[in-house]
Structure formats: structure tokens, C-alpha cells
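Here is the structure we will look at.
The values are calculated or read from the model by the stated rules, or taken from the named source; none is laboratory data. As the structure is a computational prediction, the values presented were derived from the model and not from experiment. Cβ placement follows ideal geometry from the backbone for every residue including glycine, while neighbour counts extend to all protein chains displayed.
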Amino acid sequence: MKTADLLITGGILVLPEGEVAADLVVRDGRIEGILAPGSEWATLEVIEADGLHVLPGAIDVHTHVRDPGLTWKETWTTASQAAAVGGVTTIFDMPNTDPVVANAEAVRQKIDVAAAQSCIDYGVYGVVIEDTLDQLLPMHEAGAVAFKLMLATDHARIPVPSDGAVLEALATLAAMGLRTTVHAENNQILRWREHRLRAAGRSDAAAHLEQHTDIAAVEAASRIALFAEWTGAKVHIAHENSRHSLPVIQAAKARGVDLTVETCPHYLLLSTEDGVRVGANAMRVKPPVREPGHAGPLFDALRSGLIDILSTDHAPHLPEEKRRASIWECAPGFPGVETSMALMLREVNAGRLTLSQYVRMACAAPARAFGLSRKGHLVVGADADIVLVDMTRRGVVTAAGLHSLGNLTPYEGFELHGMPVRTLVRGRTVALDGRPLSAVGWGRNVI
Ligand code: DOR
Ligand code: ZN
């Protein structure tokens, strides 16, 4: 009889191509075998997965962990535990922490914090800013997995680079072969409109959407696709929220631009009409949740693969930071890592998505886009990052039930149908039945 560390029996494996009943064997943190059900192996541990689906762990390439520097909002411990409970086994962390991740030393500092705390695997983003273009290669050598480019932001220490600097950065990053995640909105349009709206005395929720007119996203998507085409850079458009961007994305892909695109559950499941019920402040996020008419085409594009990736833009803030009266003072963003998979499983149970489509957009596609060759697939040799899902389990989203420190969520009260019940990272169970297990520091950098 062959030996291994762990056998997961009786489950249904979900692959991008379909579902198959099979047993899964794990040794030394890797998938050692995928076998006909009932195979005889001598293992230290057996997980009975009868009635459950077995998925690769989700890979969320867009999260804001807040640590170092903003730890009242979130820490690596709380973010990674929330992710683990939610079925996420790898997160990429954005660079708008304190210090901003703009040089090799800041990359090292963040990796140190993540390594000490994270229970799941992680990637660290460096930021593209004009003053530190010479740091792109050193940041990668220090362990950054990818880069973030903000074409629009009001973050004082992340000034938007000139087009000249963007082109130079993309040429450098093309030579390094790394993908750049882009916040694709036109900064000048946003700043102008904010100025006008404020001057008119506007501080209501709708002003936020009026500021972020669709053309700001469409123009920036077109521009970054052109720059990527010109330089040969791999770019990834973050948090697509507008159906008007879809023809631009389609055209760029048809021309062969190495472009990937993500959207997030809030752009698929919410619209401005939810503002009254969930609270406009809870729902404030940049870019905004749009009026009805966008979610359907975005969901279609995600199903078809035109939008490649489902991420979350997990962006926790304390409830009091979000509940300020003026919309301009209301911190944008909300937690997402813990609820994303369950919200999408609800869509599967409602017949709007298949599990295989989910695995493609949440696991396989992000692994491929960012070069994580051992992740995102249930194949022999891959890391044993595995989620057991119970498609019959029901639950309700509540702030109190979330593990994130910034737990004000627009999904408060959402009824769930289908939930992750056990999460393994490289063969070790890090969350079970909605609770994180003590695996602090188990996580590793993906590069
Ligand atoms: O809503 C957002 N929140 N959008 C961003 O681009 C940044 C993020 C944050 O860090 O809070
Ligand atoms: Zn973000």
C-alpha cells in the first residue's frame, strides 16, 4: 500500500473543465495523486468529503491588508484568517500601506510582517511612482510578485505618474516579465468633477457616482491597453465596474494585448438601488457600485472569460471611518475576502454560474495571469491548497460573524446557500466550519 500524509475521500473535484468524483492524496504539502474513489492508501490523516465539493483554494489578487501601518483597520492575522474562513488560500496585498511599498526595504518590511502572521500564502505588490522607478527591479528582487499602478488616486504619497513615467515603467516591467495591476480611471476627470461637485455643495452619496463618470474608466482602460500594446507589458485592469469598458477590453484582447481584467462581487451583486437598504456609506467604494444595468453585462463578461478574474478589493475600514456624514469623508471600501466565495456559491445554487466557471475565474485564471504555476489547479504536483465546499449549507452574512477588523459590510443580512467548510493551505487545515485554526505564520510568499 502506498503512503502519503493526507487522503481526501468521497468528494467531487471541481476542475475548470468539469466535475469528477475522485480521491485526492497529499504528501509534503503537494497533491501527490488523484485517484479513483476508494483507492487504498496508508495516510496519517483522512478527510471524509462525502457530499462535498473539492475546489482549489481561491486566489485573491486584490486585497488591502493594512499592515504595516494601518493596523487598526486590519492586520495580517485578521485578514488571512478571514480569507481562510472564506476559502481563500492566497492573497496579494496592495501597496497603500504605511510605509507605502515603493522601495525594496518596504517590500522586505511587509514580507516580514506577513511571514510572521499570515496563515495563508501571500504576494506583495510594489507601487509604480515617478520618484522610485529605479526601485522596480530591486522591489522584485526583494520579493514583490507584481506591481500596482494608480492612474487615479488622492493618496498623498502615491502621486499619479505622468504618462511618460507610466510608459517607462511599463517598458521596464515588460522586460521583467511581471504583470502590472492598474487602477484605470482618468485622474484629471475625477479631480475636476470632485471640485465642481464640492463647490456646488454636494456631499451626498450620489455625488460619488457622479464624480466617477464612466468615461473616466473607459478612457483609462483604452490608454493603458495602448501603452501595454506599445511596450509589450502585461497589464491587469483592477475592479472593472462599467459595462462601457467591455468593448475596449474586447478590442484590446482581439489585437493581442496581454491584458487581463478583474471584477469584484459588489459590481456583480449590487447596484445604486441597494444604497438605501445596505447604506450608501457602507457601499462607498472606489470605483463606485454603479446604477442598474452594469451588473448583468459584467457578469456575462466574467462567465464568458472576457473578464478573466474574480477578485475582491478587500478594503476594510473601521465602521466609524465609514459612517461619516459627508460622502467625501466616508472611507471607501469594505471587507471582501471572507464573503466572496460564499456569495458566488449562492449564484451557483441559483443557476447563474457553474462551479467550474467559478474555479476558472477565482483560481485558475489568477494563477495563470500572475505566474503562480503551483497554484489554482487540482493537479498532481500542485500545492495542496484545497477548499471543501458544502453546497447545501446555509448561513447569513453579519458583521459580528466576520473575522476582519473592518467588518461593516454591504452584504449584511445576505442569505447564503453553499459555503466553504474547510480550507487547507499546502496540506494543513487553516480553517474549519467557519473558524480559523491556529496557523499563524504558516503562510509563505508565493515567489
Ligand atoms: O475603495 C477603495 N478603497 N478603492 C481604492 O482604490 C483603495 C481602497 C482602500 O485602500 O481603502
Ligand atoms: Zn484596491
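Assorted remarks:
- The condition of being more than 16 Å from ligand 2 (Cβ to nearest atom), small (Gly, Ala, Ser) and outside any helix (DSSP H, G or I) does not hold for Ala114.
- Note on the range 157-188: among residues that are over 23 Å from Gln135 (Cβ atoms) and within 16 Å of ligand 1 (Cβ to nearest atom), the one that is surrounded by the most Cβ atoms within 10 Å (Cβ to Cβ) is Glu185.
- Hey, Val359 within 16 Å of ligand 1 (Cβ to nearest atom), within 16 Å of the chain's Cα centre (by Cα) and of a type outside the set (Ser, Thr, Tyr) or not: no
- Of the residues making up the range 117-135, those that are under 21 Å from the mean Cα position of the chain (by Cα) and either polar (S, T, N, Q) or outside any strand (DSSP E or B) (or both) are Gln117, Ser118, Cys119, Ile120, Val128.
- Which numbered condition Leu167 fails, given (1) over 21 Å from Val285 (Cβ atoms); (2) outside any helix (DSSP H, G or I): (2)
- The set of residues from the range 284-341 being more than 14 Å from ligand 1 (Cβ to nearest atom), of a type in the set (Asp, Glu) and surrounded by fewer than 22 Cβ atoms within 10 Å (Cβ to Cβ) comprises Glu291, Asp300, Glu320.
- Flag for His208 being crowded, with 16+ Cβ neighbours inside 10 Å, within 16 Å of ligand 2 (Cβ to nearest atom) and part of a loop (DSSP other than H, G, I, E, B): no
- Of all residues in the range 388-398, those satisfying the criterion of being without any contact (Cβ under 8 Å) to a residue 60 or more places away in the chain and surrounded by fewer than 17 Cβ atoms within 10 Å (Cβ to Cβ) are Arg394, Gly395, Val396, Thr398.
- Of all residues in the range 25-44, those that are on the phi > 0 side of the Ramachandran plot and at pLDDT 85 or above have Cβ atoms under 7 Å from Cβ atoms of residues that are assigned to a loop (DSSP other than H, G, I, E, B) and not hydroxyl-bearing (Ser, Thr, Tyr), 6 or more apart or on another chain, in Gly29/Ala384; Gly29/Arg426; Gly29/Gly427.
- The one condition in (1) surrounded by fewer than 24 Cβ atoms within 10 Å (Cβ to Cβ); (2) part of a helix (DSSP H, G or I) that Gly51 fails to fulfil: (2)
- If only residues of the range 60-81 that are under 15 Å from the mean Cα position of the chain (by Cα) and within 16 Å of ligand 2 (Cβ to nearest atom) are counted, the one that is nearest to Leu178 (Cα to Cα) is Val61.
- Residues of the range 136-156 that are within 16 Å of ligand 1 (Cβ to nearest atom), part of a loop (DSSP other than H, G, I, E, B) and under 23 Å from the mean Cα position of the chain (by Cα): Leu151, Ala152, Thr153, Asp154, His155.
- Test: residue in the range 126-145 that is acidic (Asp, Glu) and within 22 Å of Gly371 (Cα to Cα): yes
- Count of residues meeting criterion [more than 16 Å from ligand 2 (Cβ to nearest atom) and either assigned to a strand (DSSP E or B) or of a type in the set (Phe, Trp, Tyr) (or both)] in the range 179-195: 1
- Complete set of residues in the range 323-334 that are away from ligand 2 (no atom under 12 Å from the Cβ) and within 21 Å of the chain's Cα centre (by Cα): Ala331
- Scanning the range 98-110 for residues that are crowded, with 24+ Cβ neighbours inside 10 Å and either among the aliphatic types (A, V, I, L, M) or within 11 Å of ligand 1 (Cβ to nearest atom) (or both) gives Val101, Ala106, Val107.
- Selection within the range 148-173 - of a type in the set (D, E, K, R) and either in contact with a Ser or Thr (Cβ under 6 Å, 6 or more places away or on another chain) or more than 16 Å from ligand 2 (Cβ to nearest atom) (or both): Lys148, Asp163, Glu168
- Positions within the range 366-403 being in a loop (DSSP other than H, G, I, E, B), in contact with a Lys or Arg (Cβ under 9 Å, 6 or more places away or on another chain) and under 26 Å from His64 (Cβ atoms), in sequence order: Phe370, Gly371, Arg374, Gly376, Asp385, His403
- So Met176, is it touching a Ser or Thr at 6+ places or on another chain (Cβ under 9 Å) and either within 16 Å of ligand 2 (Cβ to nearest atom) or not β-branched (Val, Ile, Thr) (or both): no
- Within the range 321-365, the residues that satisfy the criterion of being farther than 30 Å from Thr153 by Cβ and outside any helix (DSSP H, G or I) are Ala350, Gly351, Arg352, Leu353, Thr354.
- Some residue of the range 265-281 being away from ligand 2 (no atom under 16 Å from the Cβ), among the small types (Gly, Ala, Ser) and in a helix (DSSP H, G or I): yes
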